1. Have a look at A:46, A:108, A:196 and tell me which one the Gaussian network model of chain A (Cα, springs below 10 Å) gives the largest fluctuation.
2. If packing is taken as the average count of other Cβ atoms within 10 Å, what order do A:49-58, B:221-230 fall into, highest mean first?
3. For chain A, set up a GNM with springs between Cα atoms under 10 Å and report which of A:129, A:241, A:153 has the largest fluctuation.
4. For the residue pair residue B:203 and residue A:265, what label-to-label distance in nm results when each label sits 7 Å from Cα along the Cα-to-beta-carbon direction?
5. Roughly what angle does helix B:228-238 make with the longest principal axis of chain B, taking Cα atoms, 0 to 90 degrees, to the nearest 10?
6. For the range B:1-67 and the range B:73-96, what is the separation of their C-alpha centers, rounded to whole Å?
7. By per-residue mean of other Cβ atoms within 10 Å, what is the highest-first order of B:80-91, A:96-107, B:10-21?
8. For each of B:235, A:47, count neighbouring Cβ atoms within 10 Å of the residue's Cβ, then give the residues from fewest to most.
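Nothing in this text is a laboratory measurement; each read-out follows from the coordinates by a stated rule. None of these values were measured; they are calculated from a predicted model. For neighbour counting, all protein chains shown are included, and Cβ atoms are generated from backbone atoms with ideal geometry for every residue, glycine included.
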DNA sequence: TTGTAGGCGTTATCAA
DNA sequence: TTGATAACGCCTACAA
């Protein structure tokens, strides 16, 4: 048996007033008598009235719902960003729909369209690895009013606000720290160069080397993904070289972990013989018995700020001006045992 | 400048047909000529038509959207369940709205109401620690058609399907394993007894002791939360006893980790002097240099099955029957270094 | 202070 | 095969 929800129409019938009065009373309209308001409120409660946001949204054009697309939701970084986003937006009455792209541009595009159909008020995206064609994003921008905001993994597109961390700086500081600890032959485990974040980490590494007059050696840049296994195998092949590295700056904590495991396996000493720094400050990096240095990306904050950029843009928009923001957060280097050679 | 979305009305005007025809053509209605369908499809594409799900939902009463409420989204367990949920439901056209209760019953109730306003087709909840009054949940059940499904952290309420793991079994197997490894004075770090999952873990531990004729010692049950710090302090005070424990079965991986850290600090040997097992199979448990044994809860699977229970209930409902399901998944014990004393 | 009525975009019923 | 129209539940001019 299907239960019917009570509507303002039901309340109006019961109280012998018009639906308009009920609607206004419920919305605390100034020109409704206190008495009526109380009457309506009582009836609403008694009849277990629940406002239908669908109808409201259809009328107002605002769903008070936003969408967020990430590669996978069950990673520390992305789930933390989403946590921040939810905590920033929820108090303002916004719901958050989550979508996974599985790091695939085709799925990402599909999810984007689904969100558009759902009439979300804003779409937050951290793009997938193989996203390159941004034409459909531009088309959405030019044909709809739905703002798109990129966080972390972005592309530069006019009209799209972005919230990122300063990957270059994080990488630079990490490399600089290794140099200051006396490491001289520093390798970099580089991530997918289709993504700006990994380009910036690589460049930060390179610039630190240059600034400290260390030679840039092409072979010291190893392309890896971000799995433990790739870290292990990268380390394995590195150690077969005649000239061995004395430090690793990895663009991923997982490859850094893989490297640590293999280093232990090779009976080399961390941090005496070789230093290691990762990136992301995954929880496990500090849990390890030999804790791993890493660069923190403040993901919860990134989520909150992303949400805030949207909220602010709504305010701005009321005055007809839409400002494109490019916010860059500062990462924090956490120095732990894996790279602290000097006491 | 505000861009207007094209509607079926726009298409109907352009093609000089009725909106009904457009709607039917778009929905591939059998009694529309192929010619018209193609015409409409072409116009829709050209005019960049995007269906408004809001209007559709208002009409049909189905939003194709579900809500999920968890304490916090950025934990491995909950984000993994949500991943599974999204992956099960997304192919069927459902969107997933995520809400955080911050482990607080009052917020949980608020989120529940928001989801109801949003007209979601189903609500998935893992209840907060201090949830006790289930009256409002029962009221929702009796006054709305919105199904509620509990996963992991549940209460038994008629009409609500639940998906859990067999915590008793997981705890029993963990304890049994410790016993078989020769440990005799096994302590339990128990979680919040307001939650069934922790009750069950405690009972599994107790039953294993009984079955193996080991004495049940009340002082060996330590109430902790699930933080590293509590694990450390619990271990600290345990080691001040005259009769010291030789194993810990913790209801949480984090307290287990804390115990391990303190054990190392006390210069005791794992697993020779003391064995440790946690619960949840958090990623870090296997990353540790001294890997920690733990009970895996298969969270992604739990999410998928939760989604599936909902999908099945829709099918069932078409025949007017709504079946309340109580599904219990089997956990898997992962034996690692922290508890493997015998070779 | 309150009521009437139109419209948001879709689908479905009843006609044609 | 197609068209006209009502309805989903709400809000809001415009009237009264």
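1. Looking only at A:46, A:108, A:196, the biggest GNM fluctuation is shown by A:46.
2. By packing density, highest mean first, the sequence is A:49-58, B:221-230.
3. Of A:129, A:241, A:153, the most mobile in the Gaussian network model is A:241.
4. If labels sit at residue B:203 and residue A:265, their model points lie 4.4 nm apart.
5. 20
6. 30
7. Values: B:80-91: 22.8, A:96-107: 19.8, B:10-21: 15.6.
Top of the packing list down: B:80-91, A:96-107, B:10-21.
8. On the way: B:235 29, A:47 15.
Fewest-to-most ranking of B:235, A:47: A:47, B:235.
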